[in-house]
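The values are calculated or read from the model by the stated rules, or taken from the named source; none is laboratory data. Source: prediction; values computed, not measured. Ideal geometry is used to build each Cβ from the backbone, glycine not excepted, and the neighbour counts take in all protein chains shown.
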Amino acid sequence: MVNLGNLWQNDSVNCFSFVIASLEIHMSAEQNLENLDLDLQRRIRISHLAVLVIVCLASAWTIIFLMLGEAMGAYISGSVALVYFGCLMLFQTGLQRLARSVWLFSASLSTFAGLVFGHPGVDVDLLFLPVMALSFLAISWKKERTLLIFFLFLPLLLWFSAIRYDLVGSSQALFGIPVFYSSLSTETVNFLLRSTVLILLVAELFYFTQLASSAETELHTARIKAEAAAKAKGDFLANMSHEIRTPMNGMIGMIEVLEAMKPNEEQKRAVGTIRNSAFSLLRIIDDILDASKIDAGKMVIESSRTELRPVIEGVAVTMQTMADNMGVRIVLGVDRKVPNWILADSGRLRQIMLNILSNAIKYSSQDLTGRPNTVYFLVEMDKEDVIKLEFEDQGIGMSQELMEKTFEPFVQGESATTKRVGGTGLGLVITQKLVHQMGGQIITQSTKGKGTTVTILLPIKVFDGPNLAPDISQTKIEMLTEVGKFSKRLSNFVDHLNYIEKIRSVRPDLEGYAIPDEQETVFVLFSENQKTVTSWMSILRKQAKNPKFVVVSSNRSEQLGLLHEDVYKIQSFPMLQSELVKAIAFLTKKQKPTLIEKQPNELTDAQKESRAKKSILLVEDNEINQIVFLKQLEILGYPAVIAKNGLKGLDLWKTGNYDVILLDCHMPVMDGFEMAKEIRKQEEGGNLPRVPIVAITANALTGDADKCYACGMDDYLAKPVEIKFLEAKLMRHLKC
């Protein structure tokens with residue numbers, strides 16, 4: 001007993017030292033996992049912990065076997081403890097995969113050895129079940145799939161081999177080593193084995209359940225955090241509109257002031273460059289803000305009565321300069337069946353058309369293709385309540401792979417092209433989301449090297465409204481073009497119009513052309529050659545009955561408008577239907593002609609006199625914007641008084657008699673919303689006349705307009721405020 005006690009004491013001290021060393025190894029190894037994949041970290045930690053537990057258990061069983069005098073059992077458990085301590089050392093040195101591989105391999109091999117060296121009646125093979133499950137516990141399917149499959153099939157292979165080749169209890173026959181017999185009965189050993197297998201399987205199932213639950217919790221938490229972060233980002237960017245647009249208002253406003261000061265040609269070019277740069281920056285800012293508002297769920301479509309044709313033509317005119325600079329011609333066609341008035345969000349509709357048309361122009365540029373190109377912008381009805389917008393270009397086109405990524409954020413095509421085209425890569429993403437939000441669809445067809453066609457189908461509601469165009473339906477109109485030039489496309493274009501009866505492809509001398517001489521005719525002359533146009537007019541003046549001429553010119557430097565009593569010149573590429581109708585109406589006396597049109601910002605004496613009598617209260621806290629608005633109002637001929645916050649503005653309103661109030665919404669002391677509410681309250685309480693209030697705000701959020709109206713304001717302007725929009729609002733409320 002003394003010897004056994006000494007043995008137990010020495011071994012127990014050694015084993016406890018062994019366990020303590022193992023724990024120290026486990027703690028220090030934790031520091032090496034920080035940079036690994038989260039799932040892989042879990043696998044390594046549980047493997048590390050499991051090996052540590054096995055080392056402790058094997059050490060404890062070694063002590064127990066020694067106390068019971070089971071030398072073979074002590075030898076086996078001690079060997080296991082030693083092997084697994086080696087695994088712990090591998091974990092410590094950072095060889096995580098090797099450590100787990102040694103662990104799983106030794107687990108399979110030791111179970112197989114138990115079959116070979118154990119008693120045939122003992123169910124050692126049941127241990128293969130938890131051993132197989134260990135591979136799922138220790139190895140990441142996402143990161144280490146091959147290793148997992150190997151250690152899943154290794155115990156299966158060993159188990160199958162033991163049964164197939166009758167290796168159970170064959171140590172005597174194979175190695176001359178007698179089968180290991182325990183002092184415990186076979187039934188007791190099997191009971192202990194089965195209990196161990198059951199405990200191990202339950203523990204593994206419990207861990208897998210915990211793992212799944214933990215992963216689900218982490219995913220849920222991550223989703224909530226991601227949504228909160230996305231919302232915070234969206235709110236931040238959307239509300240940054242105020243801070244961004246305030247200085248932009250000063251920049252763009254002063255550009256317009258400079259333009260109104262009659263600069264010379266060199267100064268005009270400099271100011272024009274500044275203007276283009278400012279509006280380019282504004283478009284980029286708007287794209288970023290729109291994308292953030294869509295992500296934040298703050299993009300709302302606000303439908304109102306909209307005259308459709310001016311919106312369409314305005315888009316084409318806006319892109320004309322860009323197209324000219326890039327060697328691209330715009331052909332615009334609006335079908336006669338397209339309604340004049342619809343219920344729609346005109347701003348968003350314009351944004352959709354601008355984004356697609358600008359893309360078509362950019363990727364058709366002469367710099368990219370090496371040739372001049374044409375972009376066709378056609379508008380027609382697809383169904384009774386669905387409008388079809390088609391944009392066809394002859395540009396570089398797209399591959400199938402790129403088409404699949406077209407509507408992903410920040411995607412702009414091949415890198416070499418992107419460097420030459422520029423842009424944020426957000427325009428198409430915003431367009432797609434706007435189209436979907438409006439209940440429509442967008443279809444893209446493209447062939448690399450040949451061009452792209454983008455078709456947008458939008459449901460619309462037709463709205464009754466006045467037809468503001470002059471009636472020229474009884475006028476005989478014929479279009480003349482040169483033989484072999486533009487005729488096919490022009491024929492398609494003219495087919496969309498209500499007015500032109502025929503298109504004729506003729507020679508410069510009009511040989512073979514039956515000149516109409518019985519009825520007054522308006523001839524639309526479409527030729528790039530000025531000599532040809534002059535020849536046509538000379539011949540027709542002699543042979544036709546009282547002819548009138550609309551000359552279509554692509555020369556941007558030529559004077560447009562009514563040139564002579566019988567000649568009116570309009571632009572082409574794009575040729576606007578409204579300009580064509582206006583020209584014909586002037587020539588046929590259906591609309592009063594103006595030989596010299598008033599220049600922008602040039603007021604008549606009557607306007608100057610009536611506007612000088614008006615009094616405007618401008619409430620604005622930003623000093624730069626105060627200067628800008630005062631200069632703009634000075635150019636427009638309106639006198640104004642300034643207040644730097646809502647409280648001072650309210651005091652001035654009480655003591656003065658103002659015809660209109662221009663009111664900034666976001667100010668210190670008292671903001672515009674509070675001031676408007678207080679004015680309406682006092683007007684109602686004191687039975688005072690209602691003064692028009694026009695909100696001026698830098699916040700581009702869609703709901704801001706509703707908030708202004710809810711506070712009693714009458715109109716709304718978003719910064720940066722262009723002088724033409726400011727004048728339009730003031731004329732609406734002041735009638736002068």
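Structure data summary
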quantity	calculated
Residue check, Gly234 at pLDDT 80 or above and in contact with a helix residue (DSSP H, G or I) (Cβ under 6 Å, 6 or more places away or on another chain)	no
Output for the range 515-560, where each listed residue is touching a Pro at 6+ places or on another chain (Cβ under 9 Å) and of a type in the set (Gly, Ala, Ser)	Ser527, Ser535, Ala544
Test: residue in the range 108-119 that is among the polar types (S, T, N, Q), assigned to a helix (DSSP H, G or I) and modelled with pLDDT of 80 or more	yes
Selection from the range 448-466 of residues that are among the aliphatic types (A, V, I, L, M) and surrounded by fewer than 17 Cβ atoms within 10 Å (Cβ to Cβ)	Val462
The range 124-159: number of residues that are in a loop (DSSP other than H, G, I, E, B) and crowded, with 17+ Cβ neighbours inside 10 Å	3
Selected residue (only one of Gly250, Gly314 is modelled with pLDDT of 80 or more and assigned by TED's automatic domain parsing to the domain that holds Ile456)	Gly314
Filter result for the condition that a residue is assigned to a strand (DSSP E or B), at pLDDT 85 or above, surrounded by fewer than 19 Cβ atoms within 10 Å (Cβ to Cβ) and among the aliphatic types (A, V, I, L, M), over Ile443, Ile477	Ile443
Breaking point among (1) part of a helix (DSSP H, G or I); (2) farther than 23 Å from Ile244 by Cα; (3) at pLDDT 90 or above, for Val691	(1)
Scan of the range 327-352 for residues that are within 19 Å of Asp393 (Cβ to Cβ) and surrounded by fewer than 18 Cβ atoms within 10 Å (Cβ to Cβ), ordered by number	Gly327
So Leu49, is it at pLDDT 85 or above, part of a helix (DSSP H, G or I) and not acidic (Asp, Glu)	no
Members of the range 179-196 that are farther than 19 Å from Phe112 by Cβ, among the polar types (S, T, N, Q) and at pLDDT 65 or above	Ser185, Thr186, Thr188, Ser195
Failed item, numbered, when Met299 is tested on (1) within 21 Å of Ile430 (Cα to Cα); (2) in contact with a Lys or Arg (Cβ under 8 Å, 6 or more places away or on another chain); (3) in a helix (DSSP H, G or I); (4) hydrophobic (A, V, I, L, M, F, W, C)	(3)
Qualifying position, being in contact with a helix residue (DSSP H, G or I) (Cβ under 8 Å, 6 or more places away or on another chain), under 30 Å from Ala728 (Cα atoms) and at pLDDT below 85, among Gln599, Gln591, Gln571, Gln577	Gln591
Count of the range 602-639 residues which are assigned to a loop (DSSP other than H, G, I, E, B) and either of a type outside the set (Gly, Ala, Ser) or touching a Cys at 6+ places or on another chain (Cβ under 7 Å) (or both)	10
From Ile64, Ile54, Ile76, residue being in contact with a Phe, Trp or Tyr (Cβ under 6 Å, 6 or more places away or on another chain), under 18 Å from Leu192 (Cα atoms) and assigned to a helix (DSSP H, G or I)	Ile54
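Matching residues to (1) assigned to a strand (DSSP E or B); (2) surrounded by fewer than 19 Cβ atoms within 10 Å (Cβ to Cβ):
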| site | (1), (2) |
| --- | --- |
| Val641 | yes, yes |
| Lys648 | no, yes |
| Asp651 | no, yes |
| Leu662 | yes, no |
| Glu674 | no, yes |
| Gln682 | no, yes |
| Lys724 | no, yes |
| Ala728 | no, yes |
| Met731 | no, yes |
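Table: residues versus (1) surrounded by fewer than 13 Cβ atoms within 10 Å (Cβ to Cβ); (2) modelled with pLDDT of 75 or more; (3) not acidic (Asp, Glu).
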position	(1), (2), (3)
Leu258	no, yes, yes
Lys262	yes, yes, yes
Phe279	no, yes, yes
Asp286	no, yes, no
Lys293	no, no, yes
Ile301	no, yes, yes
Ser304	yes, yes, yes
